[in-house]
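Chemist: Could you have a look at this structure, given as structure tokens, before my questions?
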Amino acid sequence: MSKAPTSGASSFSWLQIVRLGLVQTALGAVVVLMTSTINRVMVVELALPAIVPGALVALHYAAQVLRPRWGYGSDVGGRRTTWIIGGMAALCLGGFGAAVATALAETALTAGLALAVASFLLVGMGAGAAGTNLLVLLATGVESSRRGAAATIVWVMMIAGFAVTAPLAGHFLDPFSGLRLVAVSGTVSAIAFAVATLAVLGLEPRRLPSSAPQTPKKPFRAVLAQVLAEPAARRFTLFIFVSMLAYSAQELILEPYAGLVFAMTPGATTKLAGLQHGGVLAGMLFVAGITVFIGGPLLGSLKVWTAVGCGLSALALAAIALGGPIGPDFPLRVAVAALGFGNGVYAVAAIGSMMALAGRGGEAERGTRMGVWGAAQGVAFGAGGFLGTLAVDLARLVATEPVTAYAAVFGAEAVLFVVALLIALRVEHASVGRRANPLAQAASFQLHPGFDAR
């Protein structure tokens, strides 16, 4: 018999779960403009070094390391709704501020970059606070028998925020101007905040006072040390770091690459980002369908699908690297869609395994384990975006043509995915049959803006 939510109230209805999903959709809509459109404008239209947006996004991801503390703050200090709305306010204000900063940098570079630093930090803190507490609210407000399906709904709605916003924003950005960028970003941020606030208000049940004695909890440092002492947990942490490093290194250079090498407009490259996110969603649904309706020791193995996803991602990145010298005749959109598909296959299988491994130490360690892997993911995303842009800038000092520099970095990312594949084969993964859906498991943990539900 499934347990009811600990709040003492009835569990969320399906309509209420969809409302929580709308918060994720709003969150993804703001973040996708930060990681795709704004960085491209800085590199191509403003002719800034790629390391500039790389460093700014690294600041955003650095703030993700504090996710466990934000969750703990809502545990101790009050209701989740306050943290979600406050986080969304910070996120949307930061997103709008980043667009203003980008437009300002065209005429006042120092002031624009200073505003951009503050804005990207605000985005990181807001996404972490809202995203973390949204998942906590989902986990505590839905009875255990419905959590898988509920998480699936929320996850797909988050990806939909990426996939829908990017092409729509791209449509309204052409012909490009700084003022148009500010208008589009401001509109997206305002709508996202309104949708998220209306969706979450009134959902959280009131906490009932408990007469049961409180059992003392282990200190955070003691539980953390216990988790890190486990070889399986350490190996999985390494896999998460290497694979997310490979995944995120292309995030800030793909659109500038398409603009510089394939002469795509800002609107066209923004649509390219939407195509990639659509591929991610397709990959997730593909693995979910295979494992749910077929399953078995091979097709139901999350280890197999993790390796396949890493391999497909490596092949797609190699194709993108080799396609640069071919020029406009190369089917870049097909290669980007294939990259998204491979990323989706890898992500859903890897995070499904994460769900199984997180419960190994019991409820007392579940949050700490997820916090360790979330920190590894956040650091890898920040480092990947920064190192990817740094590598492009360094390569351009040596290479005579931009296409050579970008191709070298995409090739290095492909090698990283191969390394992640080899590590994945040594990590314990769960097998699933018809009743275990890795997409539903994966949805319980939020990744970026690639998978960060920031």
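The values are calculated or read from the model by the stated rules, or taken from the named source; none is laboratory data. Quantities reported herein were computed from a predicted structural model and do not represent experimental measurements. With ideal geometry, Cβ positions are generated from the backbone for all residues, glycine too; neighbour counts draw on all protein chains shown. Note: areas computed on protein heavy atoms with side chains; ligands, DNA, RNA excluded. Shrake-Rupley method; radii C 1.70, N 1.55, O 1.52, S 1.80 Å.
Chemist: Residues with amide H under 5 Å of Ser301's amide H, sequence separation 5 or more or different chain, H placed in the peptide plane at 1.01 Å from N; which?
Modeler: Val432
Chemist: Given a Förster radius of 22 Å and the C-beta distance between Leu15 and Ala183 as r, what FRET efficiency does 1/(1 + (r/R0)^6) yield to the nearest 0.05?
Modeler: It comes out at approximately 0.10.
Chemist: Taking R0 as 45 Å, what's the FRET efficiency between Arg234 and Ala114 from their Cβ-Cβ distance, rounded to 0.05?
Modeler: My answer for the efficiency is 0.70.
Chemist: More than 17 Å apart: what percent of Cα pairs in region 9-137 qualify? Provide the component values of the computation, followed by the final result.
Modeler: Values: 4810 of 8256 pairs.
For region 9-137, the fraction of Cα-Cα distances above 17 Å is 58 percent.
Chemist: OK, next. With all protein chains present and a 1.4 Å probe, how do Trp83, Trp155 order by accessible area, largest first?
Modeler: Sorted by accessible area, descending: Trp83, Trp155.
Chemist: In addition: Kindly provide log₁₀ I(q)/I(0) values, in the same order as q = 0.23, 0.26 Å⁻¹, from the Debye equation applied to equal alpha-carbon scatterers of region 248-322.
Modeler: -1.07, -1.23
Chemist: Let me ask you something else. Tally up the carbon and sulfur contribution to the accessible surface of region 261-310 as a whole percent, 1.4 Å probe, everything protein left in place.
Modeler: 81
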